[in-house]
Amino acid sequence: MKVLVYSTRDFEKAYLERANKNKHYLTFTKEALSSSSAISAIGYDAVSIFSADEACFLTLEKLRSFGVKYIYLRSVGYDNVNINAAKREGIKVANVPAYSPNAIAEHAVTLLLALNRKLIEANDNIRRFNFDLNHLTGFDLNGKTVGIIGTGKIGSVIAKIMHGFGCKLLGNDIEENNLLTEHYGLQYVSLENLCEQSDIISIHVPLNSDTHHMMNEDLFDIMNENVYLINTARGAIVNTDDLIHALEHKKIAAYGMDVYENEKGIFFKDLSHNIPDDDNLLKLIAMPNVLVTGHQAFLTNEALTNIAETTIYNLDCWENNKLNDNELTG
């Protein structure tokens, strides 16, 4: 099968080639998929895309007219693909449903620990030979209440880790996980109760019409003013304007973010010589109680290996007309 791999990053190419074992003809491009770049897919059976690529109706219509029959995502989330439009165009879509929940969960905890113990500020001080400990006070995680929004694969790992720290666990999800209740004492509560009671809140839900801007002014207003909010899910789950207002008015204590509402065209690029024209992002980066990473939670050897292997598996299934349990149907 001939495949055009859009948005290829240098760090992932070797993993895809290793997993492919020369079975499929892969062409790599750093260009992102959009309605204007879809023309590059002429002559290909399939395209591979990442979370920042755009597979809207117009793009899908063009891909189909160019002969593309399959789209495979190198990600869990698929909010950037119009699945219903793909079905109408006869294009099959598959994702990587669980490449490494540990990678995402561990990164979320890393953000929390770095913020809490002021590691970035401390390191900056040490580089200036400033060993003063003022303004570096954190808090023990033991005994704190952690609210986990979304208790699926990643949220379950967060529960296990935070239970190990001796935290009390609250959860919110449309489907409860009884194993988390039995093993870690997690208690399911309403979203409002979780926000009211938690010292730490970690977000692990997909982005859809129900979760878009779910974290907004109404919830920030009822949160503990000392709460630490961590988001490694999707940027648009948090209303950025409301978040900045909450941070500026000390309604929440800190924010750790690996995703950003308007990250498209910014994240995954070196813009050190071309500062982004995005006032909200610049405000967040400048805040001492905000820690930003550029959508790198998935970036582990294990996760990249799983992504590549599942990607090739999806291609193998389609080429051999086998049932693909990763296919998205809506």
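The numbers here are math on the coordinates, done by the rules we state, and not lab data. Predicted, not measured: the structure shown is a model, and the values here were computed from it. Heads up, the Cβs are rebuilt from the backbone with ideal geometry, glycines too, and the neighbour counts pull from every protein chain shown.
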- If you take the charge dipole of the chain about its Cα centre, with +1 on Lys and Arg Cβ and -1 on Asp and Glu Cβ, which of Ala94, His204, Leu4 is farthest toward its positive end? Leu4
- Note on the chain, DSSP bridge orientation, antiparallel percent to nearest 5 equals 5
- Query: Taking the Cα-to-Cβ direction at His249 and at Thr305 and moving 7 Å from each Cα, how far apart do the two end points lie in nm?
  - Reply: 4.9
- Where q = 0.09, 0.14 Å⁻¹, what log10 of I(q)/I(0) comes from the Debye formula for the chain, counting one point per Cα? -0.52, -1.14
- Message: Per 0.36 nm of contour for each residue apart, how much would the distance between Phe165 and His212 grow if the chain were fully extended, relative to their Cα-Cα spacing?
- Response: 13.9 nm
- What list do you get for His107, His135, His183 if you sort them by fewest beta carbons within 10 Å? His135, His183, His107
- How fast does region 1-138 diffuse by Stokes-Einstein, in µm²/s, taking the Kirkwood radius from C-alpha pairs at 4 °C and 1.567 mPa s? 74
- Message: How tilted is helix 101-116 with respect to the longest principal axis of the chain? Cα atoms for both, answer in degrees (0 to 90, nearest 10).
- Response: 30
- Charge dipole magnitude, Cβ of K and R +1, D and E -1 - region 1-72, Cα centre, debye nearest 20: 280
- Item | Virtual spin-label span in nm between Leu136 and Ile275, 7 Å along Cα→Cβ | 2.9
- Which of Lys144/Lys269; Lys62/Lys283; Lys92/Lys153; Lys13/Lys283; Lys264/Lys322 exceed 31 Å between C-alpha atoms? The answer is Lys144/Lys269; Lys62/Lys283; Lys13/Lys283; Lys264/Lys322
- Task: In Å³ and rounded to a whole number, note down the convex hull volume per residue for the Cα atoms of region 101-292.
- Result: 126
- Query: In whole Å, how far is the Cα centre of region 126-190 from that of region 248-325?
  - Reply: 21
- Quick one: Cα centre-to-centre distance for region 221-235 and region 53-117, in angstrom? 24
- Message: What is the angle, in °, between the Cα long axis of helix 10-20 and the longest principal axis of the Cα atoms in the chain? Nearest 10 is fine, range 0 to 90.
- Response: 50
- Overall dimensions of region 93-213 by Cα: Rg and Dmax, Å: 16.6, 55
- Query: Calculated from DSSP H runs of 4 or more alone, at -39500 (n - 2.57) each and per residue, what is the 222 nm mean residue ellipticity of the chain, nearest 500?
  - Reply: -10500 deg cm²/dmol
- Task: Could you tell me what % of all Cα pairs in region 192-330 have separations over 28 Å?
- Result: 32
- Item | Estimated distance in nm for a label pair at Asn321 and Thr29, the labels positioned 7 Å out from Cα along Cα-to-Cβ | 3.0
- Item | Fewest-first ranking of Cys195, Cys317, Cys56, using other Cβ atoms within 10 Å as the exposure measure | Cys56, Cys317, Cys195
- Message: As I understand it, the value is the acute angle between the Cα axis of helix 153-164 and the longest principal axis of the Cα atoms of the chain; what does it come to in degrees, rounded to 10?
- Response: 30
- Would you mind calculating the relative contact order of the chain from Cα pairs under 8 angstrom and at least 6 residues apart, reporting the percent as a whole number? 17
- Note on the structure: region 1-153: relative contact order from alpha carbon pairs under 8 Å, six or more residues apart, as a whole percent, is 17
